[in-house]
1. Please specify each residue of segment 142-159 satisfying the condition of being surrounded by fewer than 20 Cβ atoms within 10 Å (Cβ to Cβ) and of a type in the set (Phe, Trp, Tyr).
2. Considering (1) in contact with a helix residue (DSSP H, G or I) (Cβ under 8 Å, 6 or more places away or on another chain); (2) at pLDDT 95 or above, say which one residue 73 fails and leave the rest.
3. From the list 190, 186, which residue is over 13 Å from residue 231 (Cβ atoms) and either modelled with pLDDT of 95 or more or charged (D, E, K, R) (or both)?
4. I'm told residue 106 meets every condition in (1) at pLDDT 95 or above; (2) more than 20 Å from the chain's Cα centre (by Cα) except one. Can you identify the failing condition by its number?
5. Among the numbered conditions (1) under 20 Å from residue 112 (Cα atoms); (2) buried (at least 18 other Cβ atoms within 10 Å of the Cβ); (3) in contact with a Pro (Cβ under 7 Å, 6 or more places away or on another chain), tell me where residue 162 comes up short.
6. Residues being at pLDDT 95 or above, among the charged types (D, E, K, R) and either under 17 Å from the mean Cα position of the chain (by Cα) or farther than 20 Å from residue 257 by Cα (or both): count how many of those fall in segment 11-57.
7. Just for segment 163-187: of the residues that are part of a loop (DSSP other than H, G, I, E, B) and polar (S, T, N, Q), which one is farthest from residue 107 (Cα to Cα)?
8. Of the residues 182, 213, 236, 167, which single one is without any contact (Cβ under 8 Å) to a residue 40 or more places away in the chain and touching a strand residue (DSSP E or B) at 6+ places or on another chain (Cβ under 7 Å)?
Amino acid sequence: MLTSAGDLGRRSAERPTVTPMRIGDYHVHTLFSDGCDELAACVEHALELGLPELGFAEHFTPVCLADDACCSRDRVEEYVAAVRETAACYPELRLLCGIEADYLPEAAEETLALLTSFPFDYALCAVHFVDGFSFDEARHLEADGWRDVDHVWRRYYETLTEAAQTGAFDVVAHLDLPKKWGLRPSADVSALERTALQAIAAAGMAIEINTSGLERHPVTEMYPAASLLRRARAEGIALTFGSDAHRAAEVGAHFAEARAWAQAAGYESWLRLSDREPVALP
């Protein structure tokens with residue numbers, strides 16, 4: 001799957017000088033899950049943008065709900081080795097090996113065991129399912145699970161709170177994801193949001209600004225919403241950035257807008273995941 005080290009070295013030597021975007025992208029998918037490109041292609045685009053760090057975070061979903069879009073457990077070791085090999089070929093960019101793990105209460109033991117079994121640099125906490133219903137998929141928009149929009153939102157925050165309380169994750173991926181299709185709760189969920197944010201803060205977790213919703217999802221808004229991001233800042237929750245790229249060309253997408261989004265919410269720094277140090281927003 002990997003391009004040869006010699007080819008990578010030649011391409012690196014030919015790369016033009018760029019003005020760097022000094023924010024790391026920690027949410028990138030490749031052919032190891034549901035992405036469309038190889039690791040090296042994503043690295044090349046990150047270098048073109050001048051990103052300081054790049055983190056791969058392939059999908060992992062417990063066996064009870066896993067499908068071809070996920071990195072199966074028997075491929076995780078291969079995935080980790082491939083990231084390390086690619087990192088050795090690109091010493092000019094810090095490459096991290098993360099995982100985007102779905103949290104389901106009924107399969108928590110399996111997920112938590114995976115997180116301690118492999119040398120991941122970080123773990124993104126994802127909630128794509130509530131009560132076994134995948135609210136994230138377009139093919140389920142007409143499914144019974146969406147008959148009660150308020151229930152989806154309520155269970156989303158309850159599940160996220162439970163996940164944070166495990167202490168097993170580093171960053172919450174795409175906070176407020178149920179808005180993806182533009183379906184908003186009619187009930188007030190602010191108390192559930194507050195409880196989730198407090199659990200995230202108590203666990204020492206960060207949240208990401210995920211730019212995928214701005215252009216690639218019907219909601220046309222980044223995750224999380226501005227009001228929720230301001231409340232996260234008030235709780236002292238650290239911030240990372242993620243493009244949720246599924247193609248190499250999407251790596252680092254809309255990071256200038258994301259930076260402005262963060263600053264408008266009161267953030268002055270982002271969390272560098274290679275060493276867990278805060279870095280001033282450029």
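The values are calculated or read from the model by the stated rules, or taken from the named source; none is laboratory data. Bear in mind that the values here come from a model prediction, so they are computed numbers and not experimental data. Here the Cβ is made from the backbone with ideal geometry for all residues, glycine too, and neighbour counts use every protein chain on show.
1. 146
2. The single condition residue 73 does not satisfy is (2).
3. On the way: 190 fails: over 13 Å from residue 231 (Cβ atoms).
Going through 190, 186 in turn, just one is over 13 Å from residue 231 (Cβ atoms) and either modelled with pLDDT of 95 or more or charged (D, E, K, R) (or both): 186.
4. Going through the list (1) at pLDDT 95 or above; (2) more than 20 Å from the chain's Cα centre (by Cα), residue 106 breaks only (1).
5. Only one criterion in (1) under 20 Å from residue 112 (Cα atoms); (2) buried (at least 18 other Cβ atoms within 10 Å of the Cβ); (3) in contact with a Pro (Cβ under 7 Å, 6 or more places away or on another chain) is unmet by residue 162, namely (2).
6. Count: 5.
7. First pass over segment 163-187, keeping only residues part of a loop (DSSP other than H, G, I, E, B): 166-170, 173-176, 182-187.
Narrowing the set further to residues that are polar (S, T, N, Q) leaves 166, 186.
Details: 166: 13, 186: 30 Å.
For segment 163-187, the residue satisfying everything is 186.
8. 213
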